[in-house]
1. Can you give me the number of residues within region 306-321 that are out of contact with any Phe, Trp or Tyr (no Cβ under 8 Å at 6 or more places or on another chain) and surrounded by fewer than 24 Cβ atoms within 10 Å (Cβ to Cβ)?
2. Only one of (1) free of Cβ contacts under 8 Å to residues at least 24 places away in the same chain; (2) under 25 Å from Thr358 (Cα atoms); (3) of a type in the set (D, E, K, R) fails for Glu108. Which number is that?
3. On the given criteria, is Leu350 closer than 24 Å to Ala86 by Cβ, surrounded by fewer than 24 Cβ atoms within 10 Å (Cβ to Cβ) and aliphatic (A, V, I, L, M)?
4. With respect to Asn124, determine if the residue is of a type outside the set (Phe, Trp, Tyr), under 27 Å from Ser399 (Cβ atoms) and in contact with a strand residue (DSSP E or B) (Cβ under 7 Å, 6 or more places away or on another chain).
5. When you go through (1) under 21 Å from Ile285 (Cα atoms); (2) surrounded by 22 or more Cβ atoms within 10 Å (Cβ to Cβ); (3) under 15 Å from the mean Cα position of the chain (by Cα); (4) not acidic (Asp, Glu) one by one for Gly328, which number turns out not to apply?
6. Look at Glu243 and say whether it is more than 21 Å from His313 (Cα to Cα) and touching a strand residue (DSSP E or B) at 6+ places or on another chain (Cβ under 8 Å).
7. I need the full set of residues from region 249-265 which are within 26 Å of Ser327 (Cα to Cα) and either among the small types (Gly, Ala, Ser) or buried (at least 21 other Cβ atoms within 10 Å of the Cβ) (or both), in order please.
8. Condition first: exposed (fewer than 15 other Cβ atoms within 10 Å of the Cβ) and either among the hydrophobic types (A, V, I, L, M, F, W, C) or touching a helix residue (DSSP H, G or I) at 6+ places or on another chain (Cβ under 8 Å) (or both). Now tell me which residues in region 156-177 satisfy that.
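The values are calculated or read from the model by the stated rules, or taken from the named source; none is laboratory data. Since the model is a prediction, treat every value here as computed from it, not as a measurement. Neighbour counts are summed over all protein chains in view; Cβ atoms, including those assigned to glycine, are modelled from backbone coordinates with ideal geometry.
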Amino acid sequence: MYDLLIQDGTCLLPHPSNTGLIEQQVDIAITDGRIVKIRDSINEPARRVIKATGLHVLPGVLDSQVHFREPGLTHKEDLETGTKAAVLGGVTTIFEMPNTNPPTTSVETFQDKLSRAENRAHANYAFFIGGSHDNVMELGNLEMLPHCSGIKIFMGSSTGNLLVEDDATLERILKQGHRRVIIHSEDEMRLRERRHIAVDQADVHYHPVWRDVETAVSSTTRLLRIARATGRRIHVLHVSTGEEMDILKNAKDIATVEVLPQHLTLYAPDCYDRLGTYAQQNPPIREKRHLDRIWKALLDGTVDVIGSDHAPHTKEEKDRPYPASPSGVPGVQTLVPIMLNHVHEGRLSLQKFVELVTENPCRVFGVKNKGRLREGFDADITIVDLKKTKIIDNSWIASRCGWTPYHGMQVMGWPTHTIVAGHMAMENDQIIEPHKGQAVDFEGTL
């Protein structure tokens, strides 16, 4: 008897020639957390059956950039509430960032996060190690820790020893180890020189003026030069400018690229008119010409991955006058609905979206046994209703912050089921089997 049987759904399966995805109406049988059979029709008994008629069955969505704030900042979020938000939004797996308190920069702090997640996480999980001035020589070993998603570097917008603003330290870090390094690319020196703009204007509309295009472009240009000199593969996070996309399009030999739903959906000055500091994030949401160029890069293959950069803050914190207000917005729970609405509106195909949040992040980060609906692979599955219309509301948000910049937005396309390691984590906006998340394995780690 199977543990779970999904019947009559339109499944997105790997093309036989390994060139993308195809839609096919098949049944999927799951036992012991693995997909054990995919057939046109399966009529054998199962403990639980999902009738997926009219629904699309996707490989489990992976969000490779979230900040769940634990330890140290759990008044904003923690691993339990953050992963609950993930599965309610159709996300089966998350990679969590190291800028917690204390930062995740050692074996001890990394193992502490793994211990905190065990038996509390609703989604599967892995953690990044932060690259810093203090742990350069240990990074080659740290990146090999089981369940480590890689090394994360902040070239701008961090504090303490996680900030790597100088070329010499960046080069030393890129020389240590071999896995792809994940990087927040903003020029910290330029940010310091121009911070007076934010302070003097005291208006969030000046956030993208302070953190201007040159702040991003100069940093990414430096980064690519050092990456090529060291031969180290890099992954550039939340690219926000059209100019960077022009550069990165010709750097696919060394660099992969992430974009956010925010930079594909919101633009200045409209978002700041409507949302004020609730639209404030780093790098900033910019004018519509950048949104248009980012869409072009997504469709022409420059972009590899969509992540949410889920970075919650409380309403009380966001209500502080700019620039005392913190940067960051929640996003893990809304990633799937927002992007499915873009599919509905014809901006991209469902197949392209699925590749950007399943197969591609697994390729970029070397994830084992995930990212495809395939026999023998982990049974992480996201089921969606492309015809379901909903209004995103703050009351639906499970994150401890309790708000979303998309409050009041009507979308078409909604996650109906989230299956994590073969367990029904979410069904129709309700948690069914809690805390079933497991640590993610990677190729080449110990």
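1. Number of matching residues: 6.
2. (2)
3. Yes.
4. The answer is yes for Asn124.
5. Every condition holds for Gly328 apart from (2).
6. Considered against the rule, which asks whether it is more than 21 Å from His313 (Cα to Cα) and touching a strand residue (DSSP E or B) at 6+ places or on another chain (Cβ under 8 Å), Glu243 comes out as no.
7. Once the filter is applied, which keeps residues that are within 26 Å of Ser327 (Cα to Cα) and either among the small types (Gly, Ala, Ser) or buried (at least 21 other Cβ atoms within 10 Å of the Cβ) (or both), region 249-265 yields Ala255, Thr256, Val257, Glu258, Val259, Leu260, Pro261, Gln262, His263.
8. Passing the criteria: Asp167, Ala168.
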